[in-house]
Number of protein chains: 4
Amino acid sequence: MPIARVHRIAAAAPDDVSGIEAAIAAGAIAPAGVLAIFGKTEGNGCVNDFSRGLAVQSLELMLRRHVGAAAGKVCLVMSGGTEGGMSPHWLVLERAEGGGGQGPALAIGSVHTSDLPSEHLGRLGQVAQVAQAVREAMAQAGITRAEDVHFVQVKCPLLTLARIAEAHGRGAQTATTDTLKSMGLSRGASALGIAVALGEIPMAQLSDAAICADLSLWSDRASCSSGIELMGHEVVVLGMSDAWSGPLTIDHGVMRDAIDVAPVRAALARAGVAADALGEGADDRLVAVLAKAEASRSGLIRGCRHTMLDDSDISSTRHARAFVAGALAGLVGRTDLYVSGGAEHQGPDGGGPAAVIVRRG
Amino acid sequence: MPIARVHRIAAAAPDDVSGIEAAIAAGAIAPAGVLAIFGKTEGNGCVNDFSRGLAVQSLELMLRRHVGAAAGKVCLVMSGGTEGGMSPHWLVLERAEGGGGQGPALAIGSVHTSDLPSEHLGRLGQVAQVAQAVREAMAQAGITRAEDVHFVQVKCPLLTLARIAEAHGRGAQTATTDTLKSMGLSRGASALGIAVALGEIPMAQLSDAAICADLSLWSDRASCSSGIELMGHEVVVLGMSDAWSGPLTIDHGVMRDAIDVAPVRAALARAGVAADALGEGADDRLVAVLAKAEASRSGLIRGCRHTMLDDSDISSTRHARAFVAGALAGLVGRTDLYVSGGAEHQGPDGGGPAAVIVRRG
Amino acid sequence: MPIARVHRIAAAAPDDVSGIEAAIAAGAIAPAGVLAIFGKTEGNGCVNDFSRGLAVQSLELMLRRHVGAAAGKVCLVMSGGTEGGMSPHWLVLERAEGGGGQGPALAIGSVHTSDLPSEHLGRLGQVAQVAQAVREAMAQAGITRAEDVHFVQVKCPLLTLARIAEAHGRGAQTATTDTLKSMGLSRGASALGIAVALGEIPMAQLSDAAICADLSLWSDRASCSSGIELMGHEVVVLGMSDAWSGPLTIDHGVMRDAIDVAPVRAALARAGVAADALGEGADDRLVAVLAKAEASRSGLIRGCRHTMLDDSDISSTRHARAFVAGALAGLVGRTDLYVSGGAEHQGPDGGGPAAVIVRRG
Amino acid sequence: MPIARVHRIAAAAPDDVSGIEAAIAAGAIAPAGVLAIFGKTEGNGCVNDFSRGLAVQSLELMLRRHVGAAAGKVCLVMSGGTEGGMSPHWLVLERAEGGGGQGPALAIGSVHTSDLPSEHLGRLGQVAQVAQAVREAMAQAGITRAEDVHFVQVKCPLLTLARIAEAHGRGAQTATTDTLKSMGLSRGASALGIAVALGEIPMAQLSDAAICADLSLWSDRASCSSGIELMGHEVVVLGMSDAWSGPLTIDHGVMRDAIDVAPVRAALARAGVAADALGEGADDRLVAVLAKAEASRSGLIRGCRHTMLDDSDISSTRHARAFVAGALAGLVGRTDLYVSGGAEHQGPDGGGPAAVIVRRG
């Protein structure tokens, strides 16, 4: 019976894998069991964020030393941007073989897709590819009911000028020629793919035109990050399964807006943890917080104007990550949170899903 | 017996004074009683933040239409930077003459100083000038005990290349030639001036060298913002006085670090408001939150590394405002907060004072 | 017979009009003759550039002191962004009544339009309004042939979230909901309006869809800047007219790409000035350089990749202004140049028009 | 008799070494002869520029595949920042063994130093270490006279919060605790080390206090870049030597300010190339331009104010690179230039050395 282990490890730089190496050396991590590594890296989280590429290359080199070619099967999902006080760190997701125990418990499934043709990015072709991958990852995790899925992380590609030119060279038209905008379209289509796989939205209800336009369509468990360092998708499903055992549990809530921490407080409570008791080091039961952040397109938060979309110096995604991370860090008393930006179709406009992984008492 | 009134009014732009005009037209504000206007404006909050200058010019033109030359006596304290989801707004502080009532209540005193010679900026000369102004503002507010002061806002000058050159032309050396750094030195010296006036630190214990260097020296009620649009200081003291009446009360706490919201929750509770009940529009008793934000120089928050000081794209003051505003907005459920950056000697390293103004039930 | 005077005056800040005041006091400028003031101000030149609004407010206050309500007729065209080594300055364009002399000489015409409904921005409605205004300004300047026009400066509006909401409230759809993008659409439609007025492109050849999309359509004398501080257009036409006299002459060239300074060198030569002799203070015959800058959408300059469109930290308009200003400053040996960003339909992709005003020997 | 070869190769991303691989595969580059690779990468060129680290890691992996452990001897000098229209590229410097020919010709020497203790950074300890390394590199290149050296490139370390803490932990004090400032101090001390080695300034004339303070001290051939990815120095000397042959020659000039292109024009002329004939692809004799850029501390360029040092949104080094690159690209008609920022003690205030490598006809 498998056991999910989640290791939260500080990173001193995007290429600092020494903490993971140390955990492997100490026997705390068995490298062959690593399914995925999520990284919060300190770039700008936008098009020209090279901290993600540096992290991926460094993690791959490290994994290759331990498991050889099997390193290529590990999902490496780097989310750039540790704005505000967020702390760069790795979340190593491991499937260990346990000696029994009692389910249900946290279960993990991970899948790599093939490369996405650039003209499919931000369109139904991407939605379909992601939906299929989510179903495969659920099966791999032994999760049979969609309601047992609490978080789906997708790493998806973006367009660069070179990729746009490549598509044009084949006579294909990309959904946009704006590279920053392509990040949003890719995240949005991926999120709708998750929604389709989880039965939240029927595929027939979607169209190319709805992607990043009809904000009433969203998944409450999708988290998508786009990056320059891949051409396909990496999909990781986290949920509860009777087929897994161990001390970890996961739950989620949906933040209605950027400061709506009550649903996260409630999810923690359901998992047996009081938010107000956290943050002083005494209680280490909170293993991870995974959340999305974005600037509401309405330009408002609870009726008050925000300026994130009018700031030409700082991308709104950077503003939003800093602000939402502050709200969550104020709640849980810790800054090594996985808050990623760009929440198109991931929760309601200006809000987003938030999952908590907790070690049961 | 005077009554303090605090009007929180949204601003659609740095030159949007229409909300204040409307309140005057409606009789809600008597312009002759306005002692100070605090503004949270949407510039970068750093050296080249012209939103502050535009706001000040617009407010002055507006006040001049109503009270003529007396407009020059109103303290206009613009704090640039509405990073994250903060909402640009004005806080109009008014002294009204009441019909009796019972003290103690919120009391306001305000003072303008003469211009500061640029070579005194960031040195003991500035400390002494600010300390004297705080004492005058306390007297004006009818506050006799230092412990009844809960918040002192100082707007202080900064150095520009032209001002540095002017001082050099007179044979004087400024404390720095780095214009961004001058903002911190000015805030730091002003904060120490407040600490001296409130009896927190004896003047004899200070030296030029300690300013912005010895972080163990701090006031727990100082809030200082520097701006290009003035050459002297504007000092506003907020506290409780038996000589004032009316429904408003003020209290404060000190955030130990950027995510330490517990002292603010406690201050609200002492003032009779439960933080968790706020934010849904039902409870309008919270009139204002005034707080400071900064990146800890240690590079850590509760042991975890932050990257604010290593980011050459975004000033750490902008990161810190977004993050601390997020923490406070998560607590009180509102985004029109007055969180200003640069907290040198204003609370402990990485933390800062936070005051709440509340309408009693 | 009118004489055009062009005064180049340094600005120490966006609200520093002291240089203009001094010139008026010295009798060098007759305020009643001022038709337009171009300003290069030091904001970011993008949506949240408040240096432009501060400059306009300060210029208006100054003009009002001298000419009263007639101040409203002066075109105030602020171009934000002095990236690289560009120097903030004013160009005061004055129509003086001369004592005779011989034409042709520099002629100036200026026109204000009514407010543009936000749903017309970036569409044919804006094109038509600007074309009509250019024709009026030519008539006012006494320029009868389109080929005698060498530079048309248009200041045009942009969309803010509030303006978009206002249009939506009336049931109207704006061309975009992206505020930064609206700046480009407004400049592009204005440039096509100039092209129509100058006979470069027939109106019938245009469509909404072509605006900012069909880059083969461009004017070689258009310069458009968008700003938050106006809702209509301000149009200034500069050209040669037999009806004007005086020492000033104007000519122009079209830069094919960001580093193509040869056409500017040629225009200077036609006006009697050798570029290589400039820049050392000895030769003050160069009165003004007015040029456009933008990042080529191809992503290339002479076959080499640039990264301006992939940089999420700095707007491509800021990169382009700094770079083109460097190329021109290297040519003419001076940094107080009027290089404005965003050259949609203003010259070929990645290039742009450049005009020179020269004092004849 | 050795022959210097310089290969200019475009990079599509910081980890794109495919162009170098292709040149090796085609036999154009013999990997065993590569002494150094200079890279212009597309990060921000400041503290958190991970494009440099990614490039170094990618180049090392590539070199290791070809030459094994000898890869560690190649100097990899990445200069971040391709602001404006600069084009990311590699300059591969190779020492080939030729079949005779006639000197003098371009000669190359390269040296790695040991790690610099962080408390020596920006102080005389760093000056001495660099001076010694320059002498070794000259000897290696067979250059005996200092006047035959035309360019010395040093890659030097910077301080991070972690490195500062490490030094403090040993009881040592670093020259600064400001990480961005440490980049300047490191470049400045390295430049003075070059000046000492070239006999421009005697070591006895220097002091810790003069570093980055006394701007009258400078080398006219120094180019220093600091980066997070190394702890010691990499030193590459380029000059003319009778012991080398081949078609390449090098010369240099000193730009007096950011727009002073005349000395570069003169250096090209001495090397037999007319600047005005370049840039149209017809003339490929210009192999490389290597120059420094910085904002003048005086705040002026030829008497006109610049705003680079007052801009809190964009580092002055980014402004300066964009602007100087524009001036040089306008001169030579090409954008793949190696313009690096931060010119402390590298040429006069606001100016800097510029070297040209030319293929003789």
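The values are calculated or read from the model by the stated rules, or taken from the named source; none is laboratory data. What you see is a predicted model, and the numbers here were worked out from it, not measured in a lab. In this analysis, Cβ positions are derived from the backbone assuming ideal geometry, glycine residues included, and neighbour counts consider all displayed protein chains. The area values use the complete protein model at the heavy-atom level, side chains included, leaving out ligands, DNA and RNA. Shrake-Rupley method; radii C 1.70, N 1.55, O 1.52, S 1.80 Å.
If you go through segment B:114-124 and keep only what is in contact (Cβ under 8 Å) with a residue 60 or more places away in the chain and either under 17 Å from residue B:195 (Cα atoms) or open to solvent by less than 30 Å² (accessible area, probe 1.4 Å) (or both), you end up with B:116, B:121, B:122, B:123, B:124.
Collect the residues in segment A:225-248 that are open to solvent by 20 Å² or more (accessible area, probe 1.4 Å) and part of a strand (DSSP E or B), keeping them in residue-number order. A:234, A:240 - these are the residues of segment A:225-248 that are open to solvent by 20 Å² or more (accessible area, probe 1.4 Å) and part of a strand (DSSP E or B).
Is there a residue in segment C:260-269 that is open to solvent by less than 10 Å² (accessible area, probe 1.4 Å) and away from chain D (no Cβ under 11 Å)? Checked segment C:260-269: at least one residue is open to solvent by less than 10 Å² (accessible area, probe 1.4 Å) and away from chain D (no Cβ under 11 Å).
The condition (being touching a Pro at 6+ places or on another chain (Cβ under 7 Å) and either under 24 Å from residue B:41 (Cβ atoms) or open to solvent by less than 30 Å² (accessible area, probe 1.4 Å) (or both)) is satisfied by just one residue among B:222, B:189, B:210: B:222.
The residue that is nearest to the other protein chains (Cβ to nearest Cβ), counting only those in segment D:281-301 that are within 20 Å of residue D:84 (Cβ to Cβ) and charged (D, E, K, R), is D:294. Of all residues in segment B:40-59, those satisfying the criterion of being in a helix (DSSP H, G or I), within 7 Å of another protein chain (Cβ to nearest Cβ) and within 17 Å of the chain's Cα centre (by Cα) are B:51, B:53. The C-beta contact set for segment A:152-169 (first residue under 19 Å from residue A:339 (Cα atoms), second residue assigned to a strand (DSSP E or B) and among the aromatic types (Phe, Trp, Tyr), distance under 9 angstrom, 6+ apart or interchain) comprises A:153/A:38; A:153/A:338. Annotation: residue B:173 fulfils all but one of (1) within 27 Å of residue B:251 (Cβ to Cβ); (2) in contact (Cβ under 8 Å) with a residue 24 or more places away in the chain; the unmet one is (1). Is it the case, given these coordinates, that residue A:9 is open to solvent by less than 40 Å² (accessible area, probe 1.4 Å), within 12 Å of another protein chain (Cβ to nearest Cβ) and either part of a loop (DSSP other than H, G, I, E, B) or in contact with a helix residue (DSSP H, G or I) (Cβ under 7 Å, 6 or more places away or on another chain) (or both)? Considered against the rule, which asks whether it is open to solvent by less than 40 Å² (accessible area, probe 1.4 Å), within 12 Å of another protein chain (Cβ to nearest Cβ) and either part of a loop (DSSP other than H, G, I, E, B) or in contact with a helix residue (DSSP H, G or I) (Cβ under 7 Å, 6 or more places away or on another chain) (or both), residue A:9 comes out as yes. Looking across segment D:321-345 at every residue that is within 7 Å of another protein chain (Cβ to nearest Cβ) and touching a Cys at 6+ places or on another chain (Cβ under 6 Å), the one that is surrounded by the fewest Cβ atoms within 10 Å (Cβ to Cβ) is identified as D:336.
With respect to residue C:216, is the statement that it is free of Cβ contacts under 8 Å to residues at least 60 places away in the same chain and surrounded by fewer than 24 Cβ atoms within 10 Å (Cβ to Cβ) true? When the stated conditions are applied, residue C:216 passes them. Can you pull out the residues in segment A:310-361 that are among the polar types (S, T, N, Q) and over 26 Å from residue B:262 (Cβ atoms)? Across segment A:310-361, the qualifying residues are A:312, A:315, A:316, A:317, A:340, A:346. In segment B:152-176, the residue that is surrounded by the fewest Cβ atoms within 10 Å (Cβ to Cβ) out of those that are in contact with a Leu (Cβ under 9 Å, 6 or more places away or on another chain) and under 22 Å from residue B:221 (Cβ atoms) is B:157. Taken over segment B:304-320, the criterion of being facing chain A (nearest Cβ under 8 Å) and under 20 Å from the mean Cα position of the chain (by Cα) is satisfied by B:318, B:319, B:320. Residues in segment A:246-267 that are modelled with pLDDT of 95 or more and of a type in the set (Gly, Ala, Ser) were compared, and the one that is nearest to residue B:325 (Cα to Cα) is A:258.
Out of all the residues in segment D:41-73, which are farther than 24 Å from residue C:311 by Cα and open to solvent by 10 Å² or more (accessible area, probe 1.4 Å)? Listed by number, the residues that qualify are D:60, D:61, D:64, D:65, D:66, D:67, D:68, D:69, D:70, D:72, D:73. Among the residues of segment D:123-173, those that are assigned to a loop (DSSP other than H, G, I, E, B), within 30 Å of residue A:16 (Cα to Cα) and away from chain B (no Cβ under 14 Å) comprise D:123, D:157, D:170, D:171, D:172. Taken as a whole, the condition of being assigned to a strand (DSSP E or B) and surrounded by fewer than 24 Cβ atoms within 10 Å (Cβ to Cβ) applies to residue C:35. Of the numbered criteria (1) out of contact with any Leu (no Cβ under 9 Å at 6 or more places or on another chain); (2) buried (at least 22 other Cβ atoms within 10 Å of the Cβ), the one residue D:302 fails is (2). Just one of the listed residues (B:27, B:84) is within 14 Å of chain A (Cβ to nearest Cβ) and assigned to a loop (DSSP other than H, G, I, E, B), namely B:84.
Residue B:273 satisfies every condition listed in (1) over 22 Å from the mean Cα position of the chain (by Cα); (2) open to solvent by 20 Å² or more (accessible area, probe 1.4 Å) except (2). Per the listing C:58, C:51, C:79, the residue uniquely at pLDDT 95 or above, among the polar types (S, T, N, Q) and closer than 29 Å to residue A:315 by Cβ is C:51.
Does residue D:179 meet the test of being open to solvent by less than 10 Å² (accessible area, probe 1.4 Å), within 14 Å of chain B (Cβ to nearest Cβ) and more than 19 Å from the chain's Cα centre (by Cα)? Criteria met by residue D:179. Of the numbered criteria (1) farther than 23 Å from residue D:288 by Cα; (2) assigned to a helix (DSSP H, G or I); (3) within 20 Å of the chain's Cα centre (by Cα), the one residue D:20 fails is (1).
Taking the condition in a strand (DSSP E or B), open to solvent by 10 Å² or more (accessible area, probe 1.4 Å), among the hydrophobic types (A, V, I, L, M, F, W, C) and at pLDDT 95 or above, does residue D:111 pass? Considered against the rule, which asks whether it is in a strand (DSSP E or B), open to solvent by 10 Å² or more (accessible area, probe 1.4 Å), among the hydrophobic types (A, V, I, L, M, F, W, C) and at pLDDT 95 or above, residue D:111 comes out as yes.
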